Every structure is written in structure tokens, then in C-alpha cells.
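The values are calculated or read from the model by the stated rules, or taken from the named source; none is laboratory data. Because the structure is a prediction, the values reported are computed rather than measured. Note: ideal-geometry Cβ built from the backbone for every residue, glycine included; neighbour counts use all protein chains shown. The accessibility values were calculated without ligands, DNA or RNA, using every heavy atom of the protein model including side chains. Shrake-Rupley method; radii C 1.70, N 1.55, O 1.52, S 1.80 Å.
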Amino acid sequence: MNRQPMFTPQQLLSFVAVCETASFTRAAARVHLSQSTVSQQVRRLEEMVGKALLERTSHQVVLTEEGEKLLGYARRIIALNGEAHDVLNNTWRDGILRLGVPEDFAAPTAGLLAQFSRAHPQLRLDVMSGMYVDLHRAWQREELDIMLIKQPGGERPLASRPEPLLWLDSAAHPCFEQTPVPLVVFPQLGLYREEMCQTLDSLGRSWRISYSSASLVALASASAAGLGLTLLPASCRQPGHRVIGDAQGLPPVTHFELALFCRAPQDALQQSLAAALVAFCHLQWQ
């Protein structure tokens, strides 16, 4: 009988870290290994599956289709490994809650989660932060119990509020008047990207992608510095931005929302954390 090669937890931890940070350097810092060791572990995974998992360029690291498939399994294997360890060491009581939040809400919710964790010291919180497409896919794969997500209006959430968006350009180095218009966007399938392209198409304006990043903070800084026009939540506006809109023929974008989802059936802890997040959101939304 042929023995299939086994993925090791450290290989998967390194792979997930690279995927979530989009950088071998940041991944190495996260898993406390050297960059060369992390690279070797990812290469070993690619050799084991016989396919490329990541596309590497001088500027970014992007998941291939095969890498995207492995990422979900890797996260589940890591979670099960941790759960088994906790059970066998008698440290697992209340269980695990898997929460997904947008990147810009990871820090604001940290205090709430710390308070919740103190009230339930045996609970483990597995928190995933990232782009809309990553969170939504994880939700569809039932890898999240609770999800706070920015989305186009549609699915009915437990709680929601409109997400004000602004067309943002650099005040010092305007880009909207250029031809083609340079755009600062999320990667393919990222939120707001299609909205920007379709709007400019409808205006008969040519455009090009000048800067792409999965980081909301990076997009805001890039557009303020003059790398291109962008469409982002109003909370991302920086002092270096100028807001454009009706005067330039750009319509307001009003159909996006911040939405909270909680998977059924809900246990007591899941209900409690969801209620705390609803209360947190209401405070933020006032």
C-alpha cells in the first residue's frame, strides 16, 4: 500500500502565516522561525502536492487556486490539533468559538474579546481577520461560528448598519483627472473593486490598476500618497485625502453594509458573544 506523505503542523502553520500576512518575512516573525525555514516548509508542501501553492513576485505573495484549496484544510487541521492538545491536557472546557472580522475591526474588538475571554477562561477564541471574499468563503465552508463582515446588501444578518463609502483621491497629487485613471484596489474579488471599475466604465473613463493590496490600511495610505483613486469606508479617510463625488460625476455608493451573522444552532456562549458584538456595534454605529 502506498503511503501518502503527511503534512506536519509546522508546515501548515508556516503556510497559513504566509497566506494571512502575504509576506514570508512577516510570517517568519509570527511563527518564530527564520524566513528561510518558512520558505523551505512551503516549498516542501508544494513538492508533496506536486503543485504551486503560492505565486511569488518581488512585491507580493498571492495564493494559487490550489493554495486556496489547501488553506481551508490547513486551518481546520491546525484547529483540530490545538483542540486535541487542550482536551488531553484537561484545559478544554467551554470549547472553541470561531470569529471572523474585517481587518479594520480586529483592533477595535480586541478589548471586547479580552473581556469575554476573562469571563470564560477555558474558552478558546479562533479569530480570522481579512477581506470580504476570505471571510465569506470561510463562512460558507462552516469554518466560522460568528462573522462580522462588510458586504453588499443582500443576505439577512442578525444586525447591520449602512457602511458609508467615499471616493478618495490624493489632495497633493490628484489622480482622477489623469487618463487612464490609476486605481488603488483590493485584489481580484475584493470588496469595492468591481464597483469602482463599473462606475468608471459607465462614465466612459479609461482606468488602470496602479496599486493592489489586501490591506485596508495600505490602500488608504497609497491613495493619500497619490498612487491612485480609491473607494473606501469613510473611516479610512486620511488627512492627505480629498473627497470627490458629484462634482466629478461620481455617484454615491450606498448599498454596502456592515453585517453580523451568527450560525445556528447557537449555544449559550455563542449567543452571549453575538449579543456582546451587537451591543458593541450599536455603540460604534451611533
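Per-structure values
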read-out: Most fluctuating residue given options Leu229, Leu273, Leu203, as computed from a GNM of the chain linking Cα atoms under 10 Å; value: Leu203
read-out: Protein-only accessible surface order, largest first, of Ser223, Ser212 at 1.4 Å; value: Ser212, Ser223
read-out: Whole-Hz couplings from phi, Karplus 6.51/-1.76/1.60, listed for region 43-57; x for Gly and Pro; value: 4, 4, 4, 5, 5, 5, 8, x, 8, 6, 9, 9, 9, 9, 10
read-out: Surface accessible to a 1.4 Å probe, per residue, for the residues of region 9-89, Å²; value: 58 Å²
read-out: Gained length - Ala171 relative to His120, 0.36 nm times residue gap less alpha-carbon distance; value: 13.6 nm
read-out: Nearest 10 degrees, 0 to 90: helix 268-285 Cα axis against the chain principal axis; value: 20 degrees
read-out: Length-normalised contact order of region 9-89 in % [C-alpha pairs under 8 Å, at least 6 apart]; value: 31 percent
read-out: Accessible surface, region 165-248, averaged per residue in Å² (probe 1.4 Å); value: 45 Å²
read-out: Carbon/sulfur fraction of accessible area - the chain, other protein chains in place, 1.4 Å, %; value: 53 percent
read-out: Relative packing of 105-116, 252-263, 13-24, which averages over residues the other C-beta atoms within 10 Å, highest first; value: 13-24, 252-263, 105-116
read-out: Extension gain from Arg44 to Ala268, taking 0.36 nm per residue of separation minus the Cα-Cα distance; value: 76.4 nm
read-out: Accessible surface, 1.4 Å probe, highest first, among residues Trp167, Trp139; value: Trp139, Trp167
read-out: Calculated from backbone phi, Karplus (6.51, -1.76, 1.60) coupling profile of region 210-222 in Hz, x at Gly/Pro; value: 9, 7, 9, 7, 7, 9, 5, 4, 5, 4, 4, 5, 5
read-out: The chain - Rg over Rh from alpha carbon coordinates, Kirkwood radius; value: 1.00
read-out: Derived scalar couplings ³J(HN,Hα) [region 13-28; Karplus, 6.51 cos²θ - 1.76 cosθ + 1.60; whole Hz; x for Gly, Pro]; value: 4, 5, 4, 5, 4, 5, 4, 7, 9, 6, 7, 5, 5, 5, 4, 4
read-out: Cα-based shape type of region 165-248, given that a ≥ b ≥ c are square roots of the gyration tensor eigenvalues and the cut on a/c is 1.5; value: rounded
read-out: Efficiency of FRET between Gln178 and Ala234 - r from beta-carbon atoms, R0 35 angstrom, step 0.05; value: 0.90
